[in-house]
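The values are calculated or read from the model by the stated rules, or taken from the named source; none is laboratory data. None of these values were measured; they are calculated from a predicted model. Note: ideal-geometry Cβ built from the backbone for every residue, glycine included; neighbour counts use all protein chains shown. Note: areas computed on protein heavy atoms with side chains; ligands, DNA, RNA excluded. Shrake-Rupley method; radii C 1.70, N 1.55, O 1.52, S 1.80 Å.
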Amino acid sequence: MKKALVIGAAGFVGSYLIRHLHDECGFEVAATKLPQENLGNLPAKVYDLNILNKDDVVAILYEVRPDYIFHLAAQSSVSVAWKNPQLTVDVNIKGAVNVMDAVRELYYKPRVVLIGSGEEYGHIRDGETPIREDNRLNPGNIYAATKACQNMIGSIYSKAYDMELIMVRAFNHIGPGQSSIFVVSDFCKQVADIEKGEKEPVMYVGNLSAMRDFTDVRDVVRAYALLAEKGENGETYNVGSGNAVAIREILDKIISFSTAEIKVEIDPAKIRPVDVPIIEADISKLQAVTGWKPEISLEETIKEVLNYWRNAGKE
């Protein structure tokens, strides 16, 4: 039986990826988390790990001996990155290098999927959308800069050390269980709280004109698993829906699914210092090598996220 190791599994994507690898791919799965985190009841052997401690990474790799490694561990919030740049650099760059160095010291070559972000492309010029993997990188925020650096280092390691590294630039992914610091989950939670009478019937929002490429997290983890097996060594692949949607359209959809009378107001605290107008993926490279395509519609995902928050706290 093939073995997979999911590093940084306590985040939003981790539980979905573990279930997919175990249930759909038939892998034996190991997963890492920080000591204070909880993975719940997932089909994986769980280890505590801080990726800033390279020796600990090495020890787990030698014990698990995975065929595939999915590096999810990251400080993944753009807003947190503005507030805490040092933490974001430490985790997203130094931590990623620790993982790559630990893999480099192994006596065999597992295939490693390094998860980056569509934010790496940054400010897009006219005619550059949808964005191809060979598009120039111009990160517009600190989080994006750290992920662009991880991608570049991964590419160098792949060539210089003959490592099996596949890089991903994942665009916005959404689904039930996502933290409310992310826009779709934030909007859905606000609507659910209004419906429960727990907050005034006013939604506070940031920049509604920005356009983003949203994909259901369950479709995203399918793409990760396919790339682990079929992706070409040293290559970078966009993972997204291939269709950018305005944040205002997302908001309108969410409100339309509620019977509550809701007013919308701009919250200056939710406006980022710099925001990229449009991010949309060209996913033809991913599709050519894996045959992947998104299967869950944006509307279906939004309804599930809204129902998740409506049921939050219920047994």
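Where does the longest stretch of the chain lie that holds no trypsin sites (Lys or Arg not before Pro) found in a DSSP loop with 10 or fewer other Cβ atoms within 10 Å?
On the way: sites that count: 125, 136, 314.
Longest stretch, sites excluded: 137-313.
Could you tell me what percent of the DSSP beta bridges with both partners in segment 24-119 are antiparallel, to the nearest 5?
Details: 0 of 8 bridges.
Restricted to segment 24-119, the bridges split so that about 0 percent are antiparallel.
Can you tell me the orientation of helix 247-256 relative to the chain, as the angle in degrees between its alpha-carbon axis and the longest Cα principal axis, to the nearest 10?
60
Under a crude label model (7 Å from the Cα following the beta-carbon direction), how far is residue 230 from residue 266 in nanometres?
If labels sit at residue 230 and residue 266, their model points lie 4.5 nm apart.
So, taking all protein chains as they sit and a 1.4 Å probe, how much accessible area belongs to residue 296, in Å² rounded to tens?
40
Between the helical axis of 298-310 and the dominant principal axis of the chain, each derived from Cα atoms, what acute angle in degrees is found, rounded to the nearest 10?
80
Taking the alpha-carbon centroid of each part, what is the distance from segment 223-285 to segment 157-205 in angstrom?
9
Once the whole set of protein chains is in place, how much accessible area is left on residue 12, using a 1.4 Å probe, in Å² to the nearest 10?
Residue 12 has an accessible surface of roughly 40 Å² with all protein chains in place.
Using 0.36 nm per residue, how much length does the chain from residue 303 to residue 62 gain when fully extended, once their Cα-Cα distance is taken away?
Details: separation 241, 0.36 × 241 = 86.76 nm, distance 4.26 nm.
Length difference between fully extended and current span is 82.5 nm.
Please list the non-local residues whose amide H lies under 5 Å from the amide H of residue 173, H modeled 1.01 Å from N, same-chain partners needing a gap of 5 or more.
So residue 173 has HN proximity to 215.
Write down, largest first, the equivalent ellipsoid semi-axes of the chain in whole Å, where each equals the square root of 5 times an eigenvalue of the alpha-carbon gyration tensor. Before the final figure, lay out the partial values.
Working: eigenvalues 205, 98, 67 Å².
Over the Cα atoms of the chain, the semi-axes work out to 32, 22, 18 Å.
Take the solvent-accessible surface of the protein heavy atoms, probe 1.4 Å, and return the percent of it on segment 7-96 that carbon and sulfur atoms account for. Show your work: numbers first, answer last.
Numbers: 1940 of 4130 Å².
Roughly 47 percent, rounded to a whole number.
Could you work out [θ]222 nm for the chain from helices alone, using -39500 (n - 2.57) per DSSP H run of at least four and dividing by all its residues? Round to the nearest 500 deg cm²/dmol. Write out the running numbers ahead of the final one.
Values: 11 runs with 115 residues, N = 315.
It comes out at -11000 deg cm²/dmol, rounded to the nearest 500.
Could you rank 171, 182 by how accessible they are, 1.4 Å probe, largest area first?
Numbers: 171 5, 182 60 Å².
Accessible-area ranking of 171, 182, largest first: 182, 171.
Over the chain, what relative contact order in percent results from Cα pairs under 8 Å that are six or more residues apart?
Values: 638 pairs, mean separation 56.6, N = 315.
Reported as a whole number, the value is 18 percent.
In terms of Cα to Cα distance under 20 Å, which aspartates and glutamates are near enough to residue 199, apart from those fewer than 8 places away along the same chain?
186, 252, 261, 265, 267
Would you mind calculating the relative contact order of segment 188-315 from Cα pairs under 8 angstrom and at least 6 residues apart, reporting the percent as a whole number?
On the way: 171 pairs, mean separation 55.5, N = 128.
Relative contact order here is 43 percent.
Averaged per residue, what accessible area in Å² does the chain show with a 1.4 Å probe, protein chains only? Working shown, then result.
Details: 13870 Å² over 315 residues.
In whole numbers, the chain has 44 Å² accessible per residue.
How far, in nm, would the chain grow between residue 202 and residue 83 when pulled straight, counting 0.36 nm per residue and subtracting the alpha carbon separation? Don't skip to the end; give the middle numbers.
On the way: separation 119, 0.36 × 119 = 42.84 nm, distance 2.61 nm.
Result: 40.2 nm gained on full extension.
What does the convex hull of the alpha-carbon atoms of segment 108-160 project to on average, in nm²?
Working: hull surface 17.0 nm².
In nm², the orientation-averaged hull projection of segment 108-160 is 4.2.
List the relative contact order of segment 179-260 as a percent without decimals, with contacts defined as Cα pairs under 8 Å and 6+ residues apart. It would help to have the intermediate numbers written out before the result.
Values: 60 pairs, mean separation 33.0, N = 82.
Relative contact order comes out at 40 percent.
Compare the Cα positions of 8, 238, 118 along the charge dipole of the chain (+1 at Cβ of Lys, Arg; -1 at Cβ of Asp, Glu; about the Cα centre) and return the one farthest towards the positive end.
Toward the positive end, the furthest listed residue is 8.
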